[in-house]
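Read the structure below first, then the notes.
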There are 2 protein chains.
Amino acid sequence: MAKTFSDYAKQVSEKLEHVFPTIAGPFENLYKAMNYSLLAGGKRIRPVLMQLAYEAVGGKAEIDAYLCGIEMIHTYSLIHDDLPAMDDDDYRRGKLTNHKVFGEATAILAGDALLNDAFCLMLEDALKSDSMEKVRAIHVLSMASGSAGMIGGQILDMESENKAIDQDTLDLIHLNKTGALISAATKMGAILGGGSPREVSLLEAYGKYIGKVFQIVDDILDQTSTIEELGKPINSDEKNHKNTYLNFYTIEKCYEIAEELTTKAIGLLDQIDGDTQLLKDLAQQLIMRRN
Amino acid sequence: MAKTFSDYAKQVSEKLEHVFPTIAGPFENLYKAMNYSLLAGGKRIRPVLMQLAYEAVGGKAEIDAYLCGIEMIHTYSLIHDDLPAMDDDDYRRGKLTNHKVFGEATAILAGDALLNDAFCLMLEDALKSDSMEKVRAIHVLSMASGSAGMIGGQILDMESENKAIDQDTLDLIHLNKTGALISAATKMGAILGGGSPREVSLLEAYGKYIGKVFQIVDDILDQTSTIEELGKPINSDEKNHKNTYLNFYTIEKCYEIAEELTTKAIGLLDQIDGDTQLLKDLAQQLIMRRN
């Protein structure tokens, strides 16, 4: 039977368990805090997208360091986002947030360490295989997660709270805050799998479209879901005076826009020779998701 | 006239000014916060050590990305260290700390961005010159600044506050918290300059010795200096209930230990053929420093 999305996600979670084996030692608490958030579940969307893009262009080896690396960077950003000075959230994925369990100082350092160690892990792999293509993939990630990518989006999001912004600004926030890492995932997969320049840019563009769908649905669920279903507080956007797509459109119109973007994303995949069925399915599922 | 340490430091500061040109744009405040701390002065010890180690083994090109990269990582660690949840310091290098000027949330993100963008800057350079030796140097830095290096040292330091610890634990804290990045600086310089394996390990060991001297003198100055001279609050170790070398030794004995380590460090340099005069001078100056 063909592998499903959740088979892939489960494999990623298993790999993540082996990144920081819990060893008694002087830094034990740091690793506990890092593992607490890293192994707290989650959909593993970014690494699974990377793996699927990798296979779509014919990649056949393993890219564990990069699958784990992007999830470590995603996890660090969540830990820091949840801090009292930032969104001040108590729950994430149905569990207490990192700083609620380990305290603020340790949470800050655990986030720092996940970011740093992600690069360390990937660099070690690139050195071992003496591959500049792998270095290129790491560079793509560092661009996406840095000041001109995810962090820029976070700053802009924060500065836009309590303010009326136009839709272009909202798009810019989401393109950076969520979209950058998602399109980096598919782009990295294509690079690591030895895809042609055209395949790399098709898969990157696919990532941009579904990244936006992901964010639109996030905005909707924050208003329509329940805490049990979502695993984190609902109505947090309203509480934090965040700008969302619902400031501009009705829920029905939001779904319509998301449908259009999904059709475009799937259209790009049709131009790739390899097997892109799961990437297509994933795009469809993103709209339907309930958490 | 031969270049002095402060000539080198000045050159580093000038290079740092060009990493993030202040451009009006959506992320302007983020870059302002990053530049505020990055350009706040400081002794630039790590990049200067890297440059001197590079020249000692015969390096002749430029390694700007790595000089800036290590100082960006050092700066991020200071911004996060100063946060209210960590050491809660109001002054650094004679200026208000980052979060006192920009707020906690922006300070956290500015630190994150400096760490992330440091890797981005160095990776870009390594890709441009298609050099695996450069990738190796970046990997050395990621090891030194991560969970098994600087961040591990910070956690241990924090956990040891208000506790009686033995001297081995104190050494472990300093070896990681301060020493890791300093010895990474000299090791990276040697790698980037094409040094032999023996030169790389001699310069790394030199870095370890002077890293310890640096920390011992830091502990002394925290107790004996003035805020004007030091540019940051004195007696902060006592205030934060930190363990220091002064818990174990008198000031006189501390200086004696520092002298011994300095002599060892200089002895290692004698085994290197290239010009190591400034590295020797620097080791001597570290003991005498007043801030």
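So here's what we get for this one:
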item	result
Inter-part distance where the stretch B:239-265 and the stretch A:229-243 are each reduced to a Cα centre, Å	51 Å
Top of A:ILE173, A:ILE272, A:ILE191 by mean-square fluctuation, Gaussian network on chain A, Cα under 10 Å	A:ILE272
Number of partner chain Cβ atoms within 10 Å, mean per residue of B:26-34	5
Ellipsoid equivalent to the protein assembly as shown - semi-axes via the Cα gyration tensor, in Å	42, 27, 21
Buried solvent-accessible surface, both chains (B, A), 1.4 Å probe, Å² to nearest 100	4300 Å²
Inter-copy spacing of A:ARG290 label points, which lie 7 Å from Cα along Cα→Cβ, given in nm from shortest upward	7.2
Surface per residue (accessible, 1.4 Å probe) for the protein assembly as shown, Å²	40 Å²
Members of the stretch B:73-98 that become less accessible by 40 Å² or more once partner protein chains are added (1.4 angstrom probe, chain alone as reference)	B:ALA85, B:MET86
Value at 222 nm in deg cm²/dmol, rounded to 500, when DSSP H runs of n ≥ 4 in chain B each add -39,500 (n - 2.57)	-21500 deg cm²/dmol
Interatomic Cα distance distribution for the stretch A:5-288, bins of 10 angstrom, percent	7, 29, 37, 22, 5, 0
Label point 7 Å beyond Cα along the C-beta direction, distances from A:GLY58 to other copies (nm, shortest first)	4.2
Cα-Cα over 24 Å, subset of B:LYS3/B:LYS212; A:LYS187/A:LYS264; B:LYS177/B:LYS239; A:LYS10/A:LYS232; A:LYS187/B:LYS128	B:LYS3/B:LYS212
Percent accessible area from carbon and sulfur atoms, the stretch A:5-288, protein chains only, probe 1.4 Å	50 percent
Value of relative contact order over chain A, rounded to a whole percent, pairs C-alpha under 8 Å and six or more apart	21 percent
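The values are calculated or read from the model by the stated rules, or taken from the named source; none is laboratory data. Small disclaimer: the values here were computed from a predicted structure and weren't measured. Note that we place each Cβ from the backbone using ideal geometry, even for glycine, and neighbour counts take in every protein chain shown. Areas reflect the complete protein model, heavy atoms only, side chains present, ligands, DNA and RNA absent. Shrake-Rupley method; radii C 1.70, N 1.55, O 1.52, S 1.80 Å.
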